[in-house]
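> Mind having a look at this structure? Questions to follow.
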Amino acid sequence: MDAQSAFFNVVAADEAMHDPGPESNWNESAFFHVVEEDGSAGALFRIGRRVNEGFAEVTALQLRSTGDALVGFRKAKITDNLRWQAGDLDFASEGTAGGWSISFDGELSHLADGTEFADPGTAFRNSPKEKVAFDLSWVDLAPPYRTSTDGTYHGGESVAKDHYAGVGQMTGTVRIDGQEKRIRGFGFRDHSWGVRNWQSIDCWRWVYGQLDADNLFSVVAMQVGTPEPAVAGIVLKDGTPHVVTEMSVKCRYDGAPDYWLAGADVTIPLPDGDVFEATYQPTCRLPLRHTKGDEVLRIVEHLANVQINGKSGAGWIEVTDRMEDGRPFGLVHGDA
């Protein structure tokens, strides 16, 4: 087995649901993500099943290049861990290798500017609600991969040690207040199970970029109590998958008080000696957060225009930081 093949060892049992562990914060999570081919919109759907606590976290987001966003979060009651469906969202295997359906039928808040979600209570109260239905199909573009060769997650156990991911193509429709639109794009999926401890994380950078079905990437740099981040991800170059373990991300921030991401420069060395260079310019920002007492972990989702090796593409960058006196960890300590 060569060095690359060791990462591609996901089996059918991994794709199934898993028996919960005894820990109260044991979590089985999956998400699917898409950026449309023209970069006009991107969406993310997540179910985090915290069965020992009796609920699932259900997330449905659509970010638009015009800066506005559709946003939905809820805690849905669950009593077992036998299937993905929770609340208005469902993921189902289509019985073919790498095939999934993603369906959502519910109400989302329409924010005129995604940054309004820095104050989620006010944003939910003041934003109009829209009836939204997504009916989507996913097909893997490469075999799912693990982020380390020993089966554990490259970021440690803070976000579940059993963890794998993949890239694929998403097609289907979205219907908003009765008006239907076709969706066609590419994206990333992730499946993990185990203990999840958000507050142990210092920062992470998830960068996704695409030119077409044969040339795209999704890479995560995660820092959890270490001097340097751990890196893992996948690059499709001319249709061939390469698992990568190196990346540099240099973020440029706006000033106080929000310190929004103004742009980012990314360098990803490939195992074959080639390099992907990408520059990100956000077109929509949506700030999320996990809080525990006075501790705040800020997660900002960005739809972005991306230049990849001098060619125009589209992408998504998730910038996550433990906040220190109102400033992002990456700004205080230097980026990945």
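The values are calculated or read from the model by the stated rules, or taken from the named source; none is laboratory data. Quick caveat: nothing in here was measured; it's all calculated off a predicted structure. Here the Cβ positions follow ideal geometry from the backbone for every residue, glycine too, while neighbour counts run over all protein chains shown. What goes into the accessible areas is simple: the full protein's heavy atoms, side chains included, and nothing from ligands, DNA or RNA. Shrake-Rupley method; radii C 1.70, N 1.55, O 1.52, S 1.80 Å.
> If I take every Cα pair under 8 Å that is 6 or more residues apart in segment 277-326, average their sequence separation and divide by the length, what percent do I get for the relative contact order?
The normalised contact order for segment 277-326 reaches 36 percent.
> Okay, moving on. Nearest 500 deg cm²/dmol is fine: what mean residue ellipticity at 222 nm does the chain get from its DSSP H runs of n ≥ 4 alone, each adding -39,500 (n - 2.57), divided by its residue count?
After summing the helix terms and dividing by residue count, I get -1000 deg cm²/dmol.
> Moving to a separate point now. Of all the accessible heavy-atom surface of the chain, with the other protein chains kept in place and a 1.4 Å probe, what percent is carbon and sulfur?
With neighbouring chains kept in place, the figure for the chain is 48 percent.
> If you work out semi-axes √(5λ) of the Cα gyration tensor in Å from the coordinates, which of [x] 25, 24, 22; [y] 31, 24, 18; [z] 44, 25, 21 do you get?
So the calculated entry is the one marked [x].
> Hey, what's segment 147-292 come to in accessible area per residue, 1.4 Å probe, Å²?
38 Å²
> Let me ask you something else. Could you quote the convex hull projected area for segment 206-270, Cα atoms only and averaged over all directions, in nm²?
Approximately 5.3 nm², given one-decimal rounding.
> So for segment 183-336, Kirkwood radius off the Cα pairs, Stokes-Einstein at 25 °C and 0.890 mPa s: how many µm² s⁻¹?
Result for D is 153 µm²/s.
> Label points 7 Å out from Cα along the Cβ direction at ARG175 and MET17: separation in nm?
The modelled label-to-label distance comes out at 2.7 nm.
> Could you tell me the relative contact order of segment 128-245? Use alpha-carbon pairs under 8 Å, at least six residues apart, and round to a whole percent.
Computed over segment 128-245, the figure is 22 percent.
> Next question, about the same structure. Want the number for ARG184 to ARG125: 0.36 nm per residue separation, take away the alpha-carbon distance, what's left?
The ARG184-ARG125 span can extend by a further 18.1 nm.
> Placing +1 at every Lys and Arg Cβ and -1 at every Asp and Glu Cβ, with all other atoms neutral, what dipole size does the chain have around its Cα centre, in debye to the nearest 20?
Magnitude of the dipole: close to 620 debye.
> Please give the solvent-accessible surface of HIS163 in Å², to the nearest 10, using a probe radius of 1.4 Å with every protein chain present.
Accessible area of HIS163: about 10 Å².
> Once you have the Cα-Cα distance between SER312 and HIS333, take 0.36 nm times their residue separation minus that, and quote the gain in nm to one decimal.
4.5 nm
> Testing the spin-label approximation: label points 7 Å from Cα along Cα→Cβ at GLU295 and GLU107. State their distance in nm.
3.5 nm
> Ratio of alpha-carbon Rg to the 2.2 N^0.38 Å globular estimate for segment 47-106, to two decimals, please.
1.29
> Please give the net charge around ASP258, taking every other residue with its beta carbon less than 13 angstrom from that of ASP258, where Lys and Arg add +1 and Asp and Glu add -1.
Every neighbour counted, the sum reads -1.
> Using label points projected 7 Å from each Cα along Cα→Cβ, tell me how many nm separate VAL275 and ALA133, to one decimal.
Calculated label separation equals 5.0 nm.
> Ok, one more. Looking at segment 68-192, what % of the alpha carbon pairs are farther apart than 27 Å?
Tail of the P(r) past 27 Å holds 33 percent of the pairs.
> Just to make sure I understand: if all protein chains stay in place, what is the order of ILE308, ILE176 by accessible area at 1.4 Å, largest first?
From most accessible down to least: ILE176, ILE308.
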